[in-house]
1. Would you mind calculating the relative contact order of the range 235-373 from Cα pairs under 8 angstrom and at least 6 residues apart, reporting the percent as a whole number?
2. Multiply the residue separation of Asp449 and Asp209 by 0.36 nm, subtract the distance between their alpha-carbon atoms, and state the gained length in nm to one decimal.
3. Over the chain, what is the relative contact order in percent, taking alpha-carbon pairs closer than 8 angstrom and at least six residues apart?
4. Only sites in a loop by DSSP and with at most 12 other Cβ atoms within 10 Å count here; which GluC sites (Glu not before Pro) in the range 178-263 make the cut?
5. Within the range 318-354, whose backbone N sits under 13 Å from a point 7 Å along Cα→Cβ of Glu371?
6. Can you say what percent of the DSSP beta bridges in the range 2-243, counting only those with both residues inside, are antiparallel? Round to 5.
7. The range 307-344 to the range 208-261: how many Å between their Cα centroids?
8. Please report the antiparallel percentage of the DSSP beta bridges confined to the chain, to the nearest 5.
Amino acid sequence: MFARVAELHALREQVLRGPSERATEAQRAKGKLTARERIDLLLDKGSFHEVESLRRHRATGFGLEAKKPYTDGVITGWGTVDGRTVFVYAHDFRIFGGALGEAHATKIHKIMDMAIAAGAPLVSLNDGAGARIQEGVSALAGYGGIFQRNTRASGVIPQISVMLGPCAGGAAYSPALTDFVFMVRGTSQMFITGPDVVKAVTGEDISHDGLGGADVHGGTSGVAHFVHDDEETCLAEVRYLLSLLPSNNRELPPVTVSSDSSERLTDALLELVPEDGNRPYDMRAVIEEIVDDGELLEVHDRWARNIICALARLDGQVVGIVANQPQVLAGVLDIHASEKAARFVQLCDAFNIPIVTLLDVPGFLPGVDQEHGGIIRHGAKLLYAYCNATTPRISLVLRKAYGGAYIVMDSQSIGADLTYAWPTNEIAVMGAEGAANVIFRRQIAEADDPEAVRARRVKEYRAELMHPYYAAERGLIDEVIDPSETRRILIGSLHMLRTKHAELPHRKHGNPPQ
């Protein structure tokens, strides 16, 4: 027995060392950590329990029968983050370049099934060269099993993809199906067809980073939610994100004890937000003033920057914040902003995270490109997401909310639980100047002094239909509040709504606009 135990420990030691020192040195030369080092950074110290560490492939031909390393290029198991169970799988690029074969895929399938059954988050640490060509269709079928499980787990457990190396071809679709994608500059890339194929087909000459690097997906395509300069910072941010999410859709997000008083006044908001609706300001600074200790985790902070989507806490309770950003495109809604906010609203609703919407929106972005690009279809995605959400929803109009954008941004008419407004608010079909030009077009055109008539009509329209209490008088705003009381009122409202229960009509699923 003692000999057998000694043999077991020697085998485990071999598995932990990995394939070879040379392979490890090659990994480090690329500025990358090993799979086990990454797992150690992600999970609480000493908490990792590995599954199927002795698994080997059983493929033959093309030289595979002579190479049967343990783990088969992927490390799977579970551990804890801040004491809460988290499942993880990590590609080991040192073994077959992290390429996926039948045994490799089976290990991932098993850990995904375990995560779903246990109701715990799943984190994938991706660093692989795609399907293992030597195993042919078996490798492709392995990806199909991953995609099917990604979809089954969607909205049930949080799924986080961390890109720490290449991810090409069909392999890129698994991260795209998950809730969040992290990327690291200089080492991670994602694309369906690589630079060589692009050049052969289109003649375009582009680098791996230029085609699918972190900055491309963080700022241009919107594929990556978070971009970091190094793996250590990236994995620390994954841990922080997990602290803001529930383990599954049957739980509420974790609540902490906040040192920031729930009665704290937000007097600084009076200076941060100009009364003049045409003057820009930084909505992020407004959010920082309202939330606990000024801390927030912004999602897609470099893509569709005319809208802010962020996770934060109010009196220790996690909230999702959707807010127009007047510093970028005056805070209008466009195709990308609508998509970004719609997916975030769906995420918050799936995981019982209350949504606070801060409005300062002049409307949808006009233009031929927007119309031809399907702004109607994309804007409807945001409308559908809000209308479908049963999580607590509070909206607050800071300055202006015009036209269809006002309705779409969680107005009372589409189901917001509580709607507030500052005394600087203007809610209307459109701005006073545009409205006057439409309504009084003939009078202005026939007047001896058109500009004087236009100015008078603008003032009249603003006074009668856009004054701060017009919407409140008609029950479309629950209360007009003092900006300095914003934090206190939002916290009180969230506490009241914490036990909200609402259900949608029974159906297999909706058919949201695509």
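Every number here is computed from the coordinates shown, using simple stated rules; none is lab data. Nothing here was measured: the structure is a model prediction, and the numbers come from that model. Backbone-built Cβ (ideal geometry, glycine too); neighbour counts: all protein chains shown.
1. It rounds to 23 percent for the range 235-373.
2. Stretched fully, the Asp449-Asp209 segment lengthens by 80.5 nm.
3. Relative contact order here is 9 percent.
4. Those that pass, being in a loop and sparsely packed, are Glu204, Glu251, Glu263.
5. No residues fall inside that zone.
6. 40 percent
7. Cα centroid to Cα centroid, the span is 15 Å.
8. On the way: 24 of 64 bridges.
Taking every DSSP beta bridge with both residues in the chain, the antiparallel ones total about 40 percent.
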